[in-house]
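Everything below concerns the one structure shown next.
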Amino acid sequence: MPGRRSRRGSSGTGHHRQRRIRTRTSRAELLFSVSHVERLLREGHYARHLTSSAPVFLAAIIQYLTATVLQLAGNEAQRSGCRRITPELVDMAIHNNALISVFFEGVIVSLVAPGWQ
């Protein structure tokens, strides 16, 4: 019929699909908030300029370290027969791993210092 247009592909006043807004966190497939890390970097005045990828990389590094420490602490909990991860187990996991213990050298995780039990 003349005068009828198909709704598909028409550029008239038909229904428009709204584009779904994706956050930088979801685009990077991270769990740690990229926006929160960026805000902390800007408020900390660590550098004059901040690239758009810096908070994404830092959020990814924080997420990786957190997952690694929690996995090691979970392994320590299984070895000791505990069902929960306690600060003492996190401390033991950090100090028993050669690579991570160098990174967390001056960090005290719990009130119990390593080797004082």
Inset, instruction - Give the span of segment 12-58's Cα atoms along each principal axis, as three whole-Å numbers ordered largest to smallest. - result: 50, 23, 14
Inset, instruction - Provide Rg over Rh for segment 61-102; use the alpha carbon set for both Rg and the Kirkwood Rh (inverse mean inverse pair distance). - result: 0.96
Legend entry - ILE85-HIS49 FRET efficiency (beta carbon distance; Förster radius 30 Å; 0.05 resolution): 0.15
Inset, instruction - Report, in cubic angstrom per residue, the convex hull volume of the C-alpha atoms of segment 44-83. - result: 73
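All of the numbers you see were taken from the coordinates with simple rules; none came from a lab. What you see is a predicted model, and the numbers here were worked out from it, not measured in a lab. All Cβ positions, even for glycine, are placed from backbone atoms using ideal geometry, and neighbour counts span all protein chains on display.
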